[in-house]
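Reviewing the structure listed below.
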């Protein structure tokens with residue numbers, strides 16, 4: 001039996017709610033960022049996470065460079081405009097909004113993210129049109145100010161009901 005088409009696949013997955021993150025990358029002097037909802041915890045010992053990136057994307061090109069590092073910045077419910085910026089804005093304009101710093105690896109960290117994880121890539125697997133990048137978490141932080149996470153469900157941003 002052949003697999004379903006990509007349109008049916010995407011139409012079905014729109015009913016899976018996910019958190020919204022900005023994946024930031026440092027490769028040499030270059031830095032890049034993109035909005036990613038395909039992010040998961042892999043292992044607590046050692047601390048590992050996974051992100052999935054389209055192989056045609058500039059971020060993929062940078063992540064495969066030797067010495068590249070990345071951070072996953074978990075967005076708050078008030079940061080949908082920043083998510084849109086990193087999804088659609090021209091590459092050079094993306095970091096013009098937000099307060100950015102670095103931690104251990106030098107990858108850009110969003111200072112007012114709900115949480116962030118600073119990583120070095122340790123594995124990469126091809127998965128269809130994407131690659132799965134597994135990162136070892138070298139530093140992380142959270143923010144406890146009552147803001148909830150930004151969610152994406154049914155092709156739109158959502159907030160948790162409290």
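We did not get these values from a lab; they are worked out from the coordinates using the rules stated. If you're wondering where the values come from, they're calculated on a predicted model, not measured in any experiment. Reconstructed Cβ throughout: ideal geometry from the backbone, glycine too, with neighbour counts over all protein chains shown.
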Considering Cα pairs under 8 angstrom that are at least six residues apart, work out the relative contact order of the stretch 16-142 and quote it in whole percent.
28 percent
Could you give the length gained by full extension between residue 1 and residue 45, i.e. 0.36 nm per residue of separation minus their alpha carbon distance, to one decimal place?
11.9 nm
Distance in nm between label sites at residue 30 and residue 112, each 7 Å beyond Cα in the beta-carbon direction?
3.0 nm
Computed on Cα atoms only, the convex hull of the chain has an orientation-averaged projected area in nm² of 10.6 nm²
With springs only between Cα atoms under 10 Å apart, run a GNM on the chain and tell me which of 88, 100, 116 wobbles the most.
88
Please work out the FRET efficiency for the pair residue 141 and residue 55, using the Cβ-Cβ distance as r and a Förster radius of 35 Å; give the result to the nearest 0.05.
0.70
Could you tell me the convex hull volume per residue, in Å³, taken over the Cα atoms of the stretch 1-83?
160 Å³
Residue 122/residue 11 FRET efficiency (R0 30 Å; Cβ-Cβ; nearest 0.05):
0.30
Estimated [θ] at 222 nm from DSSP helical runs (n ≥ 4, -39500 (n - 2.57)) normalised by residues in the chain, nearest 500:
-3500 deg cm²/dmol
